[in-house]
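Read the structure below first, then the notes.
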Amino acid sequence: MLKELQTRHREIARLKHQGLRTVEIAERLGISDTTIRCIMCDPIFKAHLNGLEDASDRATIDARKILADGAIRAAERIVELIEVPDEKVSLQASKDVLDRTGYAAQTANFHAHIHMNTDEIERLKDRARQLGIVAPKSEEPSDERDLTTYEVTPQ
């Protein structure tokens, strides 16, 4: 009888540790939720549940340490690949390093269509010249309602 009770305690603790609610545990095991609550108040149960939580915490910390160590070695290997004679491998490694350090290549083009009057177009052209961007030459709009489209390609 004591062995069966201890097995039940362990099963309830395992299910509780997995995040199930009292009612869900009761339904799964076919016992009342009142029985589940009584078992959860037992010091043996609480100690077992704490042990499960501690073991999970240790496993998580161990896994994070392993991944952190692996990440360092992986980064070092990627940097080493920059120097290999194979140009494709070297280029991909270079891109990976840039990507991981926040200098990723632009992945999407930006296209904007805007309505501007003559004064706004002139201000935009002046600003483009100040920034060193060459705006395409186009005919001046005949009135303020004309639409002129400029496509700016990042440099």
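A short reminder: the numbers here are calculations on the coordinates, not readings from a lab. Here the structure is a predicted model, which means the values were calculated and not measured. Cβ placement follows ideal geometry from the backbone for every residue including glycine, while neighbour counts extend to all protein chains displayed.
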What ranking do 86-94, 25-33 get when scored by the average of other Cβ atoms within 10 Å per residue, highest first?
25-33, 86-94
Extension length gain for LEU20 and LYS46 (0.36 nm per residue less Cα distance), in nm, is 7.8 nm
Diffing region 74-89: the Karplus 3J(HN,Hα) column from phi (6.51, -1.76, 1.60, θ = phi - 60°), in whole Hz with x for Gly and Pro, holds 5, 5, 4, 5, 4, 4, 4, 5, 4, 8, 6, x, 5, 4, 5, 5
What full-extension length gain, to one decimal in nm, is calculated for LEU98 and ASP69 as 0.36 nm per residue of separation minus the Cα-Cα distance?
8.4 nm
Could you give each residue of region 16-33 its phi-based ³J(HN,Hα) in whole Hz, using Karplus coefficients 6.51, -1.76, 1.60 with θ = phi - 60°, and x for Gly or Pro?
5, 5, 6, x, 6, 7, 3, 5, 5, 5, 4, 5, 5, 8, x, 10, 6, 5
Here the FRET efficiency for ASP54 versus ASP33, based on Cβ atoms and R0 = 22 Å and rounded to 0.05, is 0.25
